[in-house]
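I have placed the structure first, in the form of structure tokens, so that the comments after it can refer back to it.
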Amino acid sequence: MPLFGNTFGQKKTPPRKSASLSNIHTLDRSTREIELGLEYGAPVMNIGSQSLKFEDGQWITESGGNVSGKEVQRLKKRNLQLEEENNLLKIKIEILLDMLSESTAETHLIQKELEDMKNNTRRKK
């Protein structure tokens, strides 16, 4: 041991071991499927009597279920009508709120004018 040596010096850390000795993560999907036999299909979900499959970012019915194409079109049309009606009602509410605000402001203005007139008549007496 040295007399004036570095006794509190930092010790050299050993090198880390590799996290994985496998090279699977470096392979692309097609190679992994060939090598390992992994074939990932689209996600499928069963709800009640209907089977749904996730394709191109949307859930699509596989089995067709009980709902016909006509029924789907009718429901889409009804949904569109209800959305339009909802938008119209929202506009009507906005108009009514504007009318209420305007009439409230006018009422407050008239009340203030009446109070001013009463105060002016009291001063003159």
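The values are calculated or read from the model by the stated rules, or taken from the named source; none is laboratory data. Every value quoted in this text rests on a predicted model; they were computed, and no experiment measured them. Heads up, the Cβs are rebuilt from the backbone with ideal geometry, glycines too, and the neighbour counts pull from every protein chain shown. For the accessible areas, the whole protein counts, side chains as well, though only heavy atoms, and no ligand, DNA or RNA atoms are used. Shrake-Rupley method; radii C 1.70, N 1.55, O 1.52, S 1.80 Å.
Could you check, for region 22-35, whether at least one of its residues is in a helix (DSSP H, G or I), at pLDDT 80 or above and open to solvent by less than 70 Å² (accessible area, probe 1.4 Å)?
The answer is no; no qualifying residue exists.
Among 118, 92, 112, 70, which is open to solvent by 100 Å² or more (accessible area, probe 1.4 Å), under 30 Å from residue 42 (Cα atoms) and among the basic types (Lys, Arg)?
Only one candidate passes the filter, namely 70.
Conditions first: (1) small (Gly, Ala, Ser); (2) surrounded by 10 or more Cβ atoms within 10 Å (Cβ to Cβ); (3) at pLDDT below 80. Residue 103 passes all but one, so which condition is the exception?
(3)
Can you pull out every residue in region 104-125 that is part of a helix (DSSP H, G or I) and among the charged types (D, E, K, R)?
Step one: filter region 104-125 for residues part of a helix (DSSP H, G or I), giving 104-124.
If the condition is that a residue be part of a helix (DSSP H, G or I) and among the charged types (D, E, K, R), then 106, 112, 113, 115, 116, 118, 122, 123, 124 are the ones that fit.
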